[in-house]
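Accompanying notes for the structure given below.
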Amino acid sequence: MGTLNHLSLGWLTPALSYLMACAGAALGLRCTLRGLAASGATRRNWLITAAAAIGSGIWTMHFVAMFGFTVDGTELRYNVPLTVLSLVVAVLVTGLGLTVVCYGRHRGLSLLSGGVTTGLGVAAMHYLGMAALRMHGSVHYDAGTVALSVLIAVGAATAALWAAVTIRNVYAAAAAAMGMGLAVSCMHYTGMAAVHVRLSPTRTGLGGVSPMEFVFPLAVGLGSFLFLASAFVALSPTAQERAGYREAGGPAVEEVLDAPPHPGHARHEPTPAGAGRHDAGRHDRAA
């Protein structure tokens, strides 16, 4: 049996991975709220952004945490296609869960269906990411701990979707994002607690790439996307804020450009050349 170390870099990787999960959750909840207030193509675009945010946030959380995972006696590498597939699955299944919630007619049933769908997607992402792991040995799982991690994922996803359609206060939404980040982190480390490694004496070359060659640049890119997109969405006004601005008397730019002249201001038309002389001549004859 190989000796596992989940904190080889100390508490740096758990802290950073939790931050990534919170950023993805916060952006996803905010975009979902915008989508619920919109309709048509605008709603669809907001939900796509929310799915990309939550899915990439969870994926980034997982692989940032995996930087602190080591196994004594073997190096670790990753299969590229499976690693990318785990990201695609996280985004697509999260999008499916958000669609069920936002377009479903029965709120309670929609939340339950969406939560189960999204939670299973989170768990699938985690174990696909683990399947992409390459080492000199084999990985085995404790079935009971795996089942517990899936239940945590489903519960976290359902709670997050409920928060997305219920919470309107900014501070409550921030607390919900922090809670979802904590739940996703708990799901990850519960799943990792189920891992057992049996080393193999063979020393054949490992396929795949090292974390620094592929996973690290992708995680940094997704993390940058999350923070920049979060700042953009946080600063952009909502439909209600724009409507309130108009009601307060602030005209939109197009209204300023198209506005007619003020009634009290006479419009000055240019005087044709010679008009003054003709008028003066008529006045002298009349006199």
* Rg and Dmax of the range 25-152, Cα atoms, in Å? -> 16.7, 55
* To do: For residue 88 and residue 107, calculate 0.36 nm times their separation in residues minus their Cα-Cα distance, and state this gained length in nm to one decimal.
  => 4.1 nm
* Put a dot 7 Å past each Cα toward the Cβ at residue 45 and residue 175; how far apart are the dots in nm? -> 3.4
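Only the coordinates and a few stated rules stand behind these numbers; no lab work does. Being a predicted model, the structure only gives us computed values, none of them experimental. Positions of Cβ are generated from backbone atoms using ideal geometry, with glycine treated the same way; all protein chains shown enter the neighbour counts.
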